[in-house]
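Just below is one structure, and these are the notes that go with it.
The values are calculated or read from the model by the stated rules, or taken from the named source; none is laboratory data. Everything numeric in this text was worked out from a predicted model, so none of it was measured. Virtual Cβ from ideal backbone geometry, glycine too; neighbours counted across all protein chains shown. For the accessible areas, the whole protein counts, side chains as well, though only heavy atoms, and no ligand, DNA or RNA atoms are used. Shrake-Rupley method; radii C 1.70, N 1.55, O 1.52, S 1.80 Å.
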Amino acid sequence: QVQLVESGGGLVQPGGSLGLSCRASGIIFRFNSMGWYRQAPGKQREMVARIINGGSTNYADSVKGRFTISIEVTKNTGYLQMNSLKPEDTAVYYCNYIIDGINYWGQGTQVTVSS
């Protein structure tokens, strides 16, 4: 059983930066992909960024050029660096791993962008 623990959310002003981390309790070297999703109040959960085992990445159009996803397999940890944050980035952010075809989700961390 893989458990994910997220950290790094908080309150930031528009234009600021935040980094999120997602640490897995188990060994993730055989992961298929790792991603970050977000859900704002009254909206559906949406994919923000995803990295495939092997290194290829894809991003939602709304975050391209501002967010960067990465993973350190030796540390069982994935990251999302968020720069030039906007109020519309406000949401609960969830990390997701697909390992051997099974989806695992973190508990979510709140990111609020406001002045």
Legend entry - Alpha carbon convex hull of the chain, projected area averaged over orientations, nm²: 6.7
Inset, instruction - Would you give the gap between the C-alpha center of region 82-115 and the C-alpha center of region 23-57, rounded to a whole Å? - result: 9
Legend entry - Two-decimal ratio, region 1-61, of alpha-carbon radius of gyration to 2.2 N^0.38 Å: 1.29
Legend entry - Contact order normalised by residue count of the chain, Cα under 8 Å, 6+ apart, percent: 37
Legend entry - Hz values of 3J(HN,Hα) by residue in region 39-53 - Karplus curve (6.51, -1.76, 1.60), Gly and Pro given as x: 9, 8, x, x, 10, 6, 5, 10, 6, 9, 7, 8, 10, 9, 4
Inset, instruction - Keeping all protein chains in place, calculate the accessible area per residue for the chain (probe 1.4 angstrom), answer in Å². - result: 52
Inset, instruction - Lys and Arg at +1, Asp and Glu at -1: add these up for the other residues within a Cβ distance under 14 Å of residue 74 and post the number. - result: +2
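About the Cα centre of the chain, how large is the charge dipole given +1 on each Lys and Arg Cβ and -1 on each Asp and Glu Cβ? Please answer in debye to the nearest 20.
40
What do you get for trypsin sites (Lys or Arg not before Pro) in region 28-115 restricted to DSSP loop and a cutoff of at most 13 other Cβ within 10 Å of the site's Cβ?
Within region 28-115, the qualifying trypsin sites (Lys or Arg not before Pro) (loop, at most 13 other Cβ atoms within 10 Å) are 30, 43, 64.
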Legend entry - Total formal charge among the other residues, if their Cβ is under 14 angstrom from that of residue 28, Lys/Arg +1 and Asp/Glu -1: +1
Legend entry - Solvent-accessible area, 1.4 Å probe, carbon plus sulfur percent, for the chain: 49
Legend entry - FRET efficiency estimate (nearest 0.05) - Cβ-Cβ, residue 13 to residue 52, R0 30 angstrom: 0.35
